[in-house]
Ligand code: AHR
């Protein structure tokens, strides 16, 4: 039995809605086909952006969208992606399959996508192979309202008024694909590039420095020490890889042992945020600088027969658990974690949407984003959880992952994951300092640990109504099915 206490009178701060952010890179079929089909396509579209995807993203209330990379960002030259499409120069996408990129999806198309779905743009600039001038001019092109070559060029290209935009990343993975730099060198470059990322007429840019991957605490230390004062956010990347980097494991063919290991590795996110956060606390005790986890999710071997450079993988119930556990961890650390971006939105890695020509399906991960969106901008409630153990051989992890929040209307939402692949889990929740009289819920589960939605069977894993939560006075008893994600609404 798991015992949980939720303290309604102790707030942990606001769960920034940007924790539910996304990431779309020029990689495989994410941008081209997944989002952009072009105005002449038979697939119904709005100015080249497919309508089915637009609707699915709107329904999810995507708060923020990161673009154009990833590794692609440090090879991307934005000037090649504006103006008449047929005149835009092509380039080789060296990181991702060596395919030819025609630059048809550029700044205007991305900003329109964000406007259509109501998301804040988060643009990642090129430090690795770009110049300070190129970066400065991109900001001027997008945000300056006046008579300058960049602003006039934007107008010629069809956008009279500047866009408002806030989130800008200064390079991506500068310790790796973004230039193989040392933290000392990157910290200096960050200071230089960030200086020229200007705020024009009331547009206030939130500057995000490239942060560490995984356990690289030295990177965080050096960045905070040398450049913390100039940044608003510092990123962190962590992927859940069940196997090794060389042999990651299949997205759909796995046993209970691999299920367990995958979820155990997902829980590492808690340790990473805690330890990177402690370093940040030393330099920034007020928590002014946000921790921006702008790449997270599961990374498996590509689907057999697909281009290895396209990172296309299926998405099962296991991925739903990965998403639910991560969100509960992000909520716990909401004072420091101000944004996260799942990698990636469509057809790449832990995608929320998969497409096949004109067909589109929602993955189990999509449904978790949908169920959890009630936490966006709500107040995280202090919670303690004494969880039953989930054992596999000699190893054990907590069986239950949980978080809770209260929205502005006073509704309380509790999200729970039962990690156990075989056993239901009984959770007793003490609702302290709360006066609640009704409960209803939604559950996501399936018969098998590797059940997934595909184009012939798109609804194999979909949310259903949940009736196994009993509220009596301030005690809630919940029976979670094995391998499930549940969100409860109480008022
Ligand atoms: O998301 C795929 C890639 O993973 C990104 O391009 C890169 O930043 C990371 O290594």
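For segment 295-321 versus segment 325-349, the inter-centroid distance based on Cα atoms is 17 Å.
When you restrict to C-alpha pairs under 8 Å that are six or more residues apart and normalise by the size of segment 401-491, the relative contact order lands at 44 percent.
Computed per residue of the chain from DSSP H runs no shorter than four, each worth -39500 (n - 2.57), the mean residue ellipticity at 222 nm is -7500 deg cm²/dmol. With a simple spin-label model that places each label point 7 Å from the Cα along the Cα-to-Cβ direction, the separation between residue 253 and residue 384 comes to 4.7 nm.
Which FRET efficiency, nearest 0.05, do residue 182 and residue 134 yield, Cβ-Cβ r, R0 25 Å? FRET efficiency, residue 182 to residue 134: 0.60.
Full-extension gain between residue 454 and residue 358, please, as 0.36 nm times their residue separation minus the C-alpha to C-alpha distance.
Values: separation 96, 0.36 × 96 = 34.56 nm, distance 1.37 nm.
Going from the current span to full extension adds 33.2 nm.
Calculate, for residue 40 and residue 435, the FRET efficiency according to 1/(1 + (r/R0)^6) with r their C-beta to C-beta distance and R0 51 Å; round to the nearest 0.05. So the FRET efficiency works out to roughly 0.30. Beta bridges per DSSP, both residues in the chain: antiparallel share near 60 percent. Between residue 161 and residue 408, full extension at 0.36 nm per residue minus the direct alpha carbon distance yields a gain of 85.5 nm. Against the chain, whose longest principal axis is taken from its Cα atoms, helix 132-143 shows a tilt of about 80°.
For residue 201 and residue 274, a Förster radius of 41 Å and the Cβ-Cβ distance give a FRET efficiency of 0.55, rounded to the nearest 0.05. Helix 217-227 and the longest principal axis of the Cα set of the chain meet at an angle near 50°.
Placing a pseudo-label 7 Å from each Cα along the Cα-to-Cβ vector at residue 214 and residue 47 gives an inter-label distance of 4.2 nm.
Bear in mind these aren't lab numbers, they're just calculated from the coordinates by the rules spelled out. Because the structure is a prediction, the values reported are computed rather than measured. Ideal geometry is used to build each Cβ from the backbone, glycine not excepted, and the neighbour counts take in all protein chains shown.
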